[in-house]
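The values are calculated or read from the model by the stated rules, or taken from the named source; none is laboratory data. Because the structure is predicted, anything quoted here is derived from the model rather than measured. Here the Cβ positions follow ideal geometry from the backbone for every residue, glycine too, while neighbour counts run over all protein chains shown. Areas reflect the complete protein model, heavy atoms only, side chains present, ligands, DNA and RNA absent. Shrake-Rupley method; radii C 1.70, N 1.55, O 1.52, S 1.80 Å.
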Amino acid sequence: MTESRPSDHQPSTRSIPVVACDSLVREYTRGTGSRFFRSADAPVVRALDGVSISIDSGEFVGIAGPSGSGKSTLLHLLAGLDTPTEGTVTLGGDDISDLSERARARIRRDRVGIVFQRFHLLPSLSALSNVALPLVELGWSKARRHDRAETLLSKVGLSDRMSHRPGTLSGGEQQRVAIARALATEPALVIADEPTGELDSKTSARVLDLLESVADNCAVVLASHDQQALDATERRIQLQDGEVIHDSHG
Ligand code: ADP
């Protein structure tokens, strides 16, 4: 009699998505930005209305939609920067929807890299120190932090700019430093909100190529209303009035 091996009869297990959300709703009360202090007659804006998506490692995803369609709100919720009014967000299978700000901050630190439109680099620090900064919180030694920052800055093509401060770098160079910084902790998820919004099209193309290559090792989710940025992504999710109206993988 032939013995069966465990793998012979097991259903194929789908890998856990890097990030997923289910029936996500986010409402804002006009004027307060808060869902906790509502008066009965304060107008409520439903920025997201039942969004469900799932994103795997290796995906380079573009969130498209006109201004006000909910792109930033969705990115903030996926990154754990904010919590939903209803619905759930899971990062690596862990539900982060109801966690305290402190618990979410720890998860962000360990698992999420964020790239902003306006770079958000510290102007008084060199490119190297900006990239090494997230590793201070992880308790890495200075030598190890600098080694990692050097490797990342070389990867983004800035090995000759490591000691430069942000103010002496071009916009494209600053965004590449910001991408290197976002990768410092080897996050499973990289979130980029209008990452090419301040860049000309040639510089944008280089930043987008870089983000595409970053997605080889994690999931990259980019929000933009710039067609060039969206064309660079492999999967597009279109939002309108807080709802997903098209998902190219859907
Ligand atoms: P997008 O990024 O696509 O421009 P947003 O997510 O910024 O869209 O906004 C979606 C909707 O939520 C818009 O109607 C916007 O005015 C509203 N909104 C966003 N943030 C707040 C806030 N803090 N307070 C009140 N309304 C907000």
Discussion item. Can you compute the modelled spin-label distance between Ile16 and Thr85, with each label point 7 Å from Cα toward Cβ, in nm?
Written reply: 3.0
Worksheet item: When the chain is treated as a GNM, springs tying every alpha-carbon pair under 10 Å, which of Gly87, Gly62, Gly113 comes out with the largest mean-square fluctuation?
Response: Gly87
Worksheet item: Short version: what are the Cα gyration tensor semi-axes of the stretch 80-164, square root of 5 times each eigenvalue, largest first, in whole Å?
Response: 30, 14, 11
Practice prompt. Would you mind computing, in nm to one decimal, how far apart the modelled labels at Gln228 and Ser67 are, each placed 7 Å from Cα along Cα→Cβ?
Written response: 1.9
Item to complete: Evaluate the chain: find the radius of gyration of its Cα atoms, find its Kirkwood radius, and give the ratio Rg to Rh.
Response: 1.02
Discussion item. From the gyration tensor of the Cα coordinates in the stretch 101-250, what semi-axes in whole Å does the equivalent ellipsoid have, largest first, with each one equal to sqrt(5λ)?
Written reply: 26, 19, 13
Fill in: DSSP-defined beta bridges in the chain - what % are antiparallel, rounded to 5
55
Worksheet entry | Hz values of 3J(HN,Hα) by residue in the stretch 81-97 - Karplus curve (6.51, -1.76, 1.60), Gly and Pro given as x | 7, 8, 10, x, 6, 9, x, 10, 10, 10, 10, x, x, 8, 6, 10, 4
Fill in: For the stretch 194-250, diffusion coefficient by Stokes-Einstein and Kirkwood Rh (Cα), 37 °C, 0.692 mPa s, µm²/s
271
Worksheet item: So, in nm, how far is label Arg30 from label Ser159 when the simple model puts each one 7 Å beyond its Cα toward the Cβ?
Response: 5.6
Worksheet entry | Sum of -39500 (n - 2.57) over DSSP H runs of 4+, divided by residues of the chain (222 nm, nearest 500) | -8500 deg cm²/dmol
Worksheet item: Which of the aspartates and glutamates could a cross-linker span from Lys71 if the Cα-Cα distance has to be under 15 Å and same-chain partners fewer than 8 positions apart are dropped?
Response: Glu27, Asp49, Asp82, Asp193, Glu194, Asp226, Asp241, Glu243, Asp247
Worksheet item: Can you pull the semi-axes for the stretch 165-228, root of five times each eigenvalue of the Cα gyration tensor, sorted largest first, whole Å?
Response: 18, 15, 9
Worksheet, complete the sentence: Rounded to the nearest 0.05, FRET efficiency between Ser201 and Ser248 (Cβ-Cβ, R0 22 Å) equals 0.45
Worksheet item: By how many nm would the segment from Ala143 to Asp110 grow when fully extended, if each residue of separation counts as 0.36 nm and the alpha-carbon distance is taken off?
Response: 9.9 nm
Item to complete: For Gln240 and Thr151, compute 0.36 nm times the residue count separating them, minus their Cα-Cα distance, and round to one decimal in nm.
Response: 28.0 nm
Worksheet entry | Calculated from backbone phi, Karplus (6.51, -1.76, 1.60) coupling profile of the stretch 209-218 in Hz, x at Gly/Pro | 4, 5, 4, 5, 6, 4, 5, 4, 10, 7
Worksheet entry | Probe 1.4 Å, all protein chains present, accessible-area order of Asp160, Asp98, largest first | Asp98, Asp160
Worksheet item: Accessible area per residue of the chain at 1.4 Å probe, in Å²?
Response: 51
